[in-house]
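Following: one structure in structure tokens, then a few remarks.
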Amino acid sequence: MTMKKHRIGYIILLFVSLCRCTLIAQVSYDLGGLPGAATRLGFGARGIGMANTLTAVKNIEAVGYYNPALTPFQTSRTALISVGFLPFDRHLNALNYSQSLRPSGGMSIGILNAGVSNLEGRNRDGRVTETYSTSENVGIFSFGTKVSEEAALGISAKIFYHSLFEGVKSTTVGFDLGFVYLLSEEWTIGIVVQDINSKYKWDTSQLYGRDGNTTTERFPLRTKLAFGYRPYFLGALLTSEFESAGSVSLARFGIEVPFSDGVELRGGIDQISFGRDIDAKPSIGFSLRAPVETLSPSIDYAFVIEPYSTDGLHLLSLRLRFE
């Protein structure tokens, strides 16, 4: 038992050391106005309804997005499809499939699509000449493996494709690293480093000819420490997460409570800032689960209050669990 604890300790030390080296290697950032903001909004109504605090939650559908190390702990094959309706003609859609792999692995494949439509193009007189749209996409390929019954490591490869304008597109690759440890039947801890080498690379020479140039916009590197707590006496799921992104530190908290048979209520507060003028984003949501044994379909809804919008985010998801 002592050797087992030492082995887990070495794994944690190695992972933290890798995280530190990566942090030193990538430039420090503030979050505001940085590329990839749409990819950081969340994945699916359940995760966003809990303020994106699923980094240390086992048996979720969007494991690759939140923490690839969670993939080996999947108890069944799961699928997720989600659509989001956002203010200012924005959209946020997601698709995911995940399952465990015998004897000790797991995998997840996901697609996140975001964009803005009805952008007006005007001439010098201010008249609308045409409308434009943008499309921001990321394909997430995740794999994890258990290093013991309680601990697992995982990695995600993310392919970013962004169509900004006709002839101005970017295709790049980034990575996530994850670690999860089951402290007990009730407590879980998760660590993840996200957007390693993630960036957009623009080449405007096709649009402007000789006046064009090549520009690289790097995503902020994010490190998260998360806890999941499911007390037997309460029957609820309590989650918390602490994030460091360059010089910015954030916290988020979530809760999920079974209300009745087939009904779950959830809520959370995202983007709680420490020493920064950043407004928090409260969220609420619920799930309705149908009594079908083979697929266990569930409809999820989430609503998020945006600090700088007259309306909020509405998300609707369908979850399927293949027993």
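Taken together, the values in this text are just the output of simple stated rules run on the coordinates, not laboratory data. Values in this document were obtained by computation on a predicted structure and should not be read as measured data. Glycine gets a Cβ as well: all are built from the backbone with ideal geometry, and neighbour counts include every protein chain shown.
Structure summary
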read-out: GNM result for the chain, Cα springs below 10 Å: residue of A94, A152, A38 fluctuating most strongly; value: A38
read-out: Principal-axis tilt of helix 2-25 within the chain, Cα atoms, nearest 10 degrees; value: 10
read-out: Entries of K58/K224; K169/K281; K224/K281; K201/K281; K146/K199; K146/K281 with Cα pairs more than 26 Å apart; value: K169/K281; K201/K281; K146/K199; K146/K281
read-out: Per principal axis, descending, Cα span of the chain in whole Å; value: 72, 44, 40
read-out: Net +/- balance of residues flanking E217 in space, Cβ distance below 10 Å, scoring K and R +1, D and E -1; value: +3
read-out: For the chain, built as a Gaussian network whose Cα springs stay under 10 Å, the top-fluctuating residue of L234, L80, L288; value: L234
read-out: Dipole of the chain, positive direction: furthest Cα of G105, A251, G49, with charges on the beta-carbon; value: G105
read-out: Cβ-based exposure ranking for Y65, Y232, in which fewest neighbours within 10 Å come first; value: Y232, Y65
read-out: Contact order relative to length of the chain, as percent, for alpha carbon pairs under 8 angstrom and 6 or more apart; value: 18
read-out: Neighbourhood net charge (14 Å Cβ-Cβ; Lys/Arg +1, Asp/Glu -1) for F88; value: -3
read-out: Residue of N52, N213, N67 that the Gaussian network model of the chain assigns the largest fluctuation, springs spanning Cα pairs under 10 Å; value: N213
read-out: Sum of -39500 (n - 2.57) over DSSP H runs of 4+, divided by residues of the chain (222 nm, nearest 500); value: -3500 deg cm²/dmol
read-out: Taking D279, D261 and counting other C-beta atoms within 10 Å, the order from fewest to most; value: D261, D279
read-out: Built amide H within the under 5 Å cut-off of L183, gap 5+; value: T188, I189
read-out: C-alpha center-to-center spacing [the stretch 172-249, the stretch 297-323] in angstrom; value: 20
read-out: Rg to Rh quotient for the stretch 121-253, alpha carbon positions, Kirkwood Rh; value: 1.16
read-out: Length added when fully stretched, Y232-L34, from 0.36 nm per residue minus Cα-Cα; value: 67.1 nm
read-out: HN-Hα J in Hz across the stretch 246-262 - Karplus 6.51, -1.76, 1.60, θ = phi - 60°, x for Gly and Pro; value: x, 8, 9, 10, 10, 10, 8, 9, x, 8, 9, 10, x, 8, 7, 4, x
read-out: Neighbour-count order for M50, M107, fewest beta carbons within 10 angstrom listed first; value: M107, M50
read-out: Built amide H within the under 5 Å cut-off of R222, gap 5+; value: Q194
read-out: Using θ = phi - 60° and Karplus 6.51 cos²θ - 1.76 cosθ + 1.60, couplings along the stretch 122-138 (whole Hz; Gly, Pro as x); value: 10, 8, 5, 8, x, 7, 6, 9, 6, 10, 10, 8, 10, 9, 10, 9, 9
